[in-house]
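Engineer: Here it is, the structure, as structure tokens.
The values are calculated or read from the model by the stated rules, or taken from the named source; none is laboratory data. On a predicted model such as this, the values are computed, not experimentally measured, just so you know. Reconstructed Cβ throughout: ideal geometry from the backbone, glycine too, with neighbour counts over all protein chains shown.
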Amino acid sequence: MDIHEYQAKEILARFGVPVPRGGLAYSPEQAGYRARELGGNAWVVKAQVHSGGRGAAGGVKLCRSEAEVQSFAATLFGKQLVTKQTDANGKGVYRLWVEGASDIARELYLGLVLDRKSERIMIVASAHGGMEIEDLAESDPDSLRRMTVDPAVGLSEYQARELAFQLGLSGGQIAQMVTILRACYRAYRDLDAMMVEINPLVVTGAGDLVALDAKMSFDTNALFRRPEIAELRDRSQEDPRESRAGDLGLAYVGLDGDIGCIINGAGLAMATMDMIKLAGGEPANFLDIGGGASPERVVRAFQTVLADQKVSVILVNIFAGINRCDWVAEGVVQAYREVGMTLPVIVRLAGTNVEEGRRILAASGLPIISADTLADAAEKAVAIRQPLAA
Ligand code: GDP
Ligand code: MN
């Protein structure tokens, strides 16, 4: 789960990362008021959307008067901000962050990610910040410094100091960098984060380190024990198809193809998508209905998949261990009738109560196409599909 820049800054500040003073605004008038409240004579107005690359997309502006803050804010509110990282629809701007402008001498990059290979938190840093890490990795890969942290020891001071030296920091900046690194590490670890990124981390004209931008994302599987993080969720920034499915307890990811998939188990769902591709088709979605799927859940899964106009055929693939094929079959029959199905439906069942499941499908009298194996199901789906002309 992603959160907004201002939320990440609040969190990181609590752990000891220096951030500029700022305030949140929900209207242009409030943005102007924030500027006045902050004082000074220059402010940065920043669209709060779950995406980086806002600067290049016109979502960040340095303003020199309260009037300029207000008028720029007025152009941002309600806009769909399209950045390099969003799709063509962009992300809606409903909150702005107004910050006292910083005087920038140098821009550094700092990121913490989970390195699955070493099974450790990895710190990535560069003396050349400001641009996106992907671009940095391409244009200046040698500038990237990486180090992993031993979880039993935590981030030790000498490791942090070494990184600070590598970034060309000196004097009091070294101690500041150590504080920032350890704060980021603790925030990451203590809050079940998946990513912390400060880009740019700047050296100000006065020689101090300040986090000018901040990004955090969290492990959704750990949100149950982080209610204070879970409440930072902003649904306006999510793909509505995916958030609706999430509410229904379904793991759904929308894709570009036309073969709708209803499958139990993430691994089987991945394998099914591979088989569809192998057979020459394109999946419309990833959908895992999970174990113990009741008929009601199957109905909801059908509704979720059918909400995608591109779908021209539905493939149900169930390997029932915890699940029961008869339940799933009942759900398919119920869904078929409830949604007034007009698309072909292919069902492959295997595992617990498979005979009973097949009997229910056959006895329903519905034109459900049954398949014996995963390959058979994928081939049948590809043969029958009728994708919309592009
Ligand atoms: P992003 O484009 O979404 O990553 O948004 P950032 O918060 O990183 O802002 C983009 C750029 O705006 C930064 O890389 C800075 O160059 C610039 N910027 C942001 N805040 C300030 C500021 O306080 N002063 C100045 N001079 N530039 C700023
Ligand atoms: Mn940035």
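Engineer: Can you spot a residue in segment 56-68 that is in contact with a Lys or Arg (Cβ under 9 Å, 6 or more places away or on another chain), away from ligand 1 (no atom under 13 Å from the Cβ) and at pLDDT 95 or above?
Structural biologist: yes
Engineer: Going by what's in this entry, would residue 329 be described as under 23 Å from residue 253 (Cβ atoms) and crowded, with 16+ Cβ neighbours inside 10 Å?
Structural biologist: Values: under 23 Å from residue 253 (Cβ atoms): no; crowded, with 16+ Cβ neighbours inside 10 Å: yes.
No; evaluated as a whole, the condition is false for this residue.
Engineer: If you go through segment 197-219 one residue at a time, how many are under 30 Å from residue 294 (Cβ atoms) and buried (at least 16 other Cβ atoms within 10 Å of the Cβ)?
Structural biologist: Of the residues in segment 197-219, 1 are under 30 Å from residue 294 (Cβ atoms) and buried (at least 16 other Cβ atoms within 10 Å of the Cβ).
Engineer: Within segment 97-107, how many residues are part of a strand (DSSP E or B) and within 16 Å of ligand 2 (Cβ to nearest atom)?
Structural biologist: Of all residues in segment 97-107, those part of a strand (DSSP E or B) come to 97-100, 104-107.
So of that shortlist, the ones also within 16 Å of ligand 2 (Cβ to nearest atom) come out as 97, 99, 104, 106-107.
So the answer is 5.
Engineer: Report the residue count in segment 117-138 for those that are away from ligand 2 (no atom under 15 Å from the Cβ) and modelled with pLDDT under 95.
Structural biologist: Step one: of segment 117-138, the residues away from ligand 2 (no atom under 15 Å from the Cβ) are 117-123, 127, 137-138.
From the residues that got through so far, the ones that are modelled with pLDDT under 95 too are 127, 137-138.
Total satisfying the criteria: 3.
Engineer: Search segment 344-366 for residues that are in the same structural domain as residue 302 (by TED's automatic domain parsing) and pair each with any residue that is acidic (Asp, Glu) and modelled with pLDDT under 95 when their beta-carbon atoms are under 8 Å apart and the residues are at least 6 apart or on different chains.
Structural biologist: Within 8 Å, the pairs are 348/372; 353/326; 356/326; 357/326; 360/326; 360/330.
Engineer: Has segment 245-254 got at least one residue that is surrounded by 20 or more Cβ atoms within 10 Å (Cβ to Cβ), closer than 16 Å to residue 112 by Cβ and not basic (Lys, Arg)?
Structural biologist: Of all residues in segment 245-254, those surrounded by 20 or more Cβ atoms within 10 Å (Cβ to Cβ) come to 245, 250, 252.
Add one more test, that the residue is closer than 16 Å to residue 112 by Cβ, and what stays is none.
No; the residues of segment 245-254 include none that is surrounded by 20 or more Cβ atoms within 10 Å (Cβ to Cβ), closer than 16 Å to residue 112 by Cβ and not basic (Lys, Arg).
Engineer: Take the conditions farther than 24 Å from residue 134 by Cα, buried (at least 18 other Cβ atoms within 10 Å of the Cβ), within 16 Å of ligand 1 (Cβ to nearest atom) and not acidic (Asp, Glu) and apply them to residue 49. Does it pass?
Structural biologist: Working: farther than 24 Å from residue 134 by Cα: no; buried (at least 18 other Cβ atoms within 10 Å of the Cβ): yes; within 16 Å of ligand 1 (Cβ to nearest atom): yes; not acidic (Asp, Glu): yes.
No, not satisfied.
Engineer: Within the bounds of segment 236-246, is there any residue that is of a type in the set (S, T, N, Q), assigned to a helix (DSSP H, G or I) and more than 16 Å from ligand 1 (Cβ to nearest atom)?
Structural biologist: So in segment 236-246, the residues of a type in the set (S, T, N, Q) come out as 236-237, 243.
Those still in the list that are assigned to a helix (DSSP H, G or I) too: 236-237, 243.
Restricting the remaining residues to those that are more than 16 Å from ligand 1 (Cβ to nearest atom) gives 236, 243.
Within segment 236-246 (the criterion being of a type in the set (S, T, N, Q), assigned to a helix (DSSP H, G or I) and more than 16 Å from ligand 1 (Cβ to nearest atom)), the answer is yes, since at least one residue qualifies.
Engineer: Among the residues that make up segment 282-294, is at least one of them without any contact (Cβ under 8 Å) to a residue 60 or more places away in the chain, in contact with a strand residue (DSSP E or B) (Cβ under 6 Å, 6 or more places away or on another chain) and either surrounded by fewer than 21 Cβ atoms within 10 Å (Cβ to Cβ) or among the aromatic types (Phe, Trp, Tyr) (or both)?
Structural biologist: yes
Engineer: Follow-up question, since we're still on this one. Restricting to segment 120-179, give me the number of residues that are among the β-branched types (Val, Ile, Thr), away from ligand 1 (no atom under 16 Å from the Cβ) and within 23 Å of the chain's Cα centre (by Cα).
Structural biologist: Filtering segment 120-179 for residues among the β-branched types (Val, Ile, Thr) gives 121, 123-124, 133, 148-149, 153, 174, 178-179.
Now drop any that are not away from ligand 1 (no atom under 16 Å from the Cβ), which leaves 121, 123, 148-149, 153, 174, 178-179.
Then keep just the ones that are within 23 Å of the chain's Cα centre (by Cα); that gives 121, 123.
Qualifying residue count, segment 120-179: 2.
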